[in-house]
Every structure is written in C-alpha cells, then in structure tokens.
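Values quoted throughout were computed directly from the atomic coordinates according to the rules given, and no laboratory measurement underlies them. Just so it is clear, the structure is predicted and the values come from calculations on it, not from any experiment. Methodologically, a virtual Cβ is constructed for each residue, glycine included, from the backbone with ideal geometry; neighbour enumeration extends over all protein chains shown.
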Amino acid sequence: MPSGRSLWVMLVSLAVVSCTPFKSLSPEELVTARVEGYWSAMKAGDYKSAYAFLAPGYRTQVSEEAFEKRFRGKTTFHKTSLTTVICETEVCDSVVNAAYTVHGAPPFNMDVDAERPWRQRWIQFEDEWWLLPK
C-alpha cells in the first residue's frame, strides 16, 4: 500500500490529468507529473509505489522484490529537484538532481552522502508514460 505522501502525489497527478477537459496536456507536463510521483515514492521509501511507474516490459524482467532489494537499507533519497524534461515522439528524457545517502559504503562500511543528476528515459506505451531504467 502506498504511503500517505506517495498516494497524495499520485492522486494530485491524476487530478491534474483528469480535470483538464478543454486543454490536453503536453507530453512534458504528463511526464513531469510522473517523474514527481516516482521520486516522491522513492524519497518516502515506498518502493512498491515507485515500482508501479516502471515500464511494463521492465517489470516482466525485474520483480518488485528485486527492485526494492536494490534500494531498501542501501540508499536513502533526501531531496530531489526536476531540472529537465525533453520529449520527442513517445520518448522523454528527464534529469533530476538527487541528494541521497549510500549506507554501508565500502571499504569502511560507512554512510556516504552524495548528490548527482539522475538521467531517466520515459517511454509512452498504451497512452501512459513509463520509466525505463537502464
């Protein structure tokens, strides 16, 4: 079950999309809402909700448990800011600056704080935008 904050972001994103009957949203606007929903879930540690943003083809290859295992207890995301969304037909690239902590980093098994841009590709499939991890 999504956390309260993640659920709220997803509902607001859905409301924005569904409450604009006279103006269709651009791919950039739609992807921006999806990017923000994904990163909100990641910051909340709600990997089940974040997994739901992943491309269906990716989800056939990587289980929800494997996705969660990649992050839980290993990486904590603190702050994100979307800097870029550039779209072409059925493909959008986004850049999100993320501040995070890697827990138990070798060689001294210590926590390391970092910040870097995360480049992500979003693809359109069956009228929805999906994150396609590398």
Inset, instruction - For the stretch 4-132, count all C-alpha to C-alpha pairs, find those more than 19 Å apart, and express that count as a whole percent of the total. - result: 53
Inset, instruction - Using label points projected 7 Å from each Cα along Cα→Cβ, tell me how many nm separate residue 112 and residue 24, to one decimal. - result: 4.6
Inset, instruction - Output the relative contact order of the stretch 47-134, whole-number percent, from Cα pairs under 8 angstrom with separation of 6+ residues. - result: 26
Inset, instruction - May I ask you to evaluate 6.51 cos²θ - 1.76 cosθ + 1.60, the Karplus curve with θ = phi - 60°, for each residue of the stretch 83-98 and list the ³J(HN,Hα) values in order in whole Hz, giving x for glycine and proline? - result: 10, 8, 9, 10, 10, 10, 4, 6, 9, 10, 10, 10, 10, 10, 7, 10
Legend entry - Amide hydrogen neighbours beyond the local backbone of residue 75, cut-off 5 Å, H modeled: 103
Inset, instruction - List nothing, just return the count: lysine pairs in the stretch 4-132, 8 or more apart or interchain, with Cα separation under 26 Å. - result: 7
Inset, instruction - May I ask you to evaluate 6.51 cos²θ - 1.76 cosθ + 1.60, the Karplus curve with θ = phi - 60°, for each residue of the stretch 103-114 and list the ³J(HN,Hα) values in order in whole Hz, giving x for glycine and proline? - result: 8, x, 5, x, x, 9, 6, 10, 7, 10, 8, 8
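Let me know the shape class of the stretch 43-111, please: from the alpha-carbon gyration tensor, a ≥ b ≥ c as square roots of the eigenvalues, rounded when a/c is under 1.5, otherwise prolate if a/b is greater than b/c, or oblate. Each step should come with its number before you reach the end.
Values: a/c = 2.39, a/b = 1.36, b/c = 1.76.
Verdict is oblate for the stretch 43-111.
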Inset, instruction - Sort 100, 58, 38 so that the residue with the fewest other Cβ atoms within 10 Å of its own Cβ comes first and the one with the most comes last. - result: 58, 100, 38
Legend entry - Under-5 Å amide H pairs with residue 53, H placed in peptide plane, nonlocal only: none
